[in-house]
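Inspection log for the structure reproduced underneath, given as structure tokens.
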Amino acid sequence: MGTIYAAKDAPKVELKNGMLPSCMYKVGIDFPAGEYKVTSNGGDSYIEVSRDSSHNMSSIISNDLFTGDRYIQVSDGQCLKFFNCEVKIK
């Protein structure tokens with residue numbers, strides 16, 4: 001179960017061994033824009049890049065249900081949402 005915060009009240013993102021855990025993040029606020037490796041935690045994993053945090057289908061730029069590894073490119077202002085996987089930051 002997760003916790004919802006207003007953007008101004010959200011705690012600083014904490015990496016676990018250089019990895020972002022499953023959640024929704026704002027690119028340019030929670031981590032820098034760029035290309036990142038995404039690693040599945042086993043089984044089906046989901047990743048989504050969207051224009052905003054509205055969770056509307058029309059906001060989705062790209063999404064994927066996958067196993068194994070993927071690479072994604074994200075830009076400032078976009079939102080990155082993912083489940084059952086991790087994003088390598090450093």
Legend entry - Relative contact order (%) - criterion: Cα under 8 Å, at least six apart; region: the chain: 42
Legend entry - Positive-end extreme of charge dipole, the chain - chosen from Q78, I47, P32 (charges on Cβ): P32
Inset, instruction - Quick one: order E14, E48, E86 from most to least accessible surface, probe 1.4 Å. - result: E14, E86, E48
Legend entry - Surface accessible to a 1.4 Å probe, per residue, for the residues of segment 34-90, Å²: 57
Legend entry - Label-reachable residues, segment 1-44, where backbone N falls under 12 Å from a point 7 Å from D76's Cα toward its Cβ: 27-29, 32-34
Inset, instruction - Give me the percent of the accessible area of the chain that comes from carbon and sulfur atoms, probe 1.4 Å, all protein chains in place. - result: 51
Legend entry - Relative pair counts by distance (%), Cα atoms of the chain, 10 Å bins: 17, 54, 28, 1
Legend entry - Förster-model FRET efficiency, 22 Å R0, F66 and M24, C-beta, rounded to 0.05: 0.80
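The values are calculated or read from the model by the stated rules, or taken from the named source; none is laboratory data. Model, not experiment: these values are computed from the prediction. Note that each Cβ is placed from the backbone with ideal geometry, even for glycine, and that neighbours are counted across all protein chains shown. Note: areas computed on protein heavy atoms with side chains; ligands, DNA, RNA excluded. Shrake-Rupley method; radii C 1.70, N 1.55, O 1.52, S 1.80 Å.
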